[in-house]
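I have placed the structure first, in the form of structure tokens, so that the comments after it can refer back to it.
No lab work stands behind these numbers, since they all come straight from the coordinates. Just so you know, these numbers come straight off a predicted model, no measurement behind them. Here the Cβ is made from the backbone with ideal geometry for all residues, glycine too, and neighbour counts use every protein chain on show.
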Amino acid sequence: MIARVRLCLLALSFVFMAAPALALSAPMSDQELMDKSDLVAVLRVVSVSCTTVTKDEKSGEELPTYLAKVRLLDVKKGDAKKGDEVLVTWRAIAKNILGPWAVYYYPGEVVLTHLVKRTGGVSYGSTWWNAKGDDVKVPESTELPTTPGETFTAPKEPADQHPL
């Protein structure tokens, strides 16, 4: 009898430990990402700025909001064209949150990503948490600014430099 109770308690503990993992939304398929995105492009992150820092209601953690300026290197879908620069925004997530909900972009990174136009049409945000593909070029650093008004700029590419 005691063995059965222990077995039931053990089984219940596994159910409760697994419950948070069940809350993680499934990744979108490549086709879903393409269909739901306004812009799909290989881009280079030119700079990332911290625009604000706000306190998260649940965790109390101070979380930055970011604005990245990106240059489009190859456009797979959307109205923009190669060479255009667009803005991408996102907000950091609390460290205790389950799941990779925010998609981060780092200065100097070159990556294929799926974006949706934000309300008002001035900037873009990631289509879903798996909207960013593998890096074409890994950034030199994954450090981001933490003070409003602070900007980290990508190292110059040979194509960005002009002879005297």
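The table for this structure:
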| quantity | calculated |
| --- | --- |
| Interchain or long-range residues, amide H under 5 Å from Glu109's placed H | Val45 |
| Centre separation in Å (Cα based) which lies between the range 95-158 and the range 23-71 | 6 Å |
| Ascending count of other beta-carbon atoms within 10 Å, so fewest first, for Ser123, Ser29, Ser141 | Ser29, Ser141, Ser123 |
| Sequence of Tyr104, Tyr66 once ranked by neighbouring C-beta atoms within 10 Å, starting from the fewest | Tyr104, Tyr66 |
| For the range 130-145, 3J(HN,Hα) per residue [Karplus equation, 6.51 cos²θ - 1.76 cosθ + 1.60, θ = phi - 60°, Hz, x = Gly/Pro] | 10, 6, 9, x, 5, 4, 7, 9, 6, x, 5, 8, 10, 7, 10, x |
| Charge dipole (the range 41-104, unit charges on Cβ, about Cα centre) - positive-most of Val53, Val70, Val103 | Val70 |
| Contact order relative to length of the range 30-156, as percent, for alpha carbon pairs under 8 angstrom and 6 or more apart | 32 percent |
| Shape box of the range 30-156 [Cα atoms, principal axes, largest first, Å] | 40, 34, 28 |
| Non-local Lys pairs in the range 30-156, i.e. 8 or more apart or on different chains, that have alpha carbons under 17 Å apart | 19 |
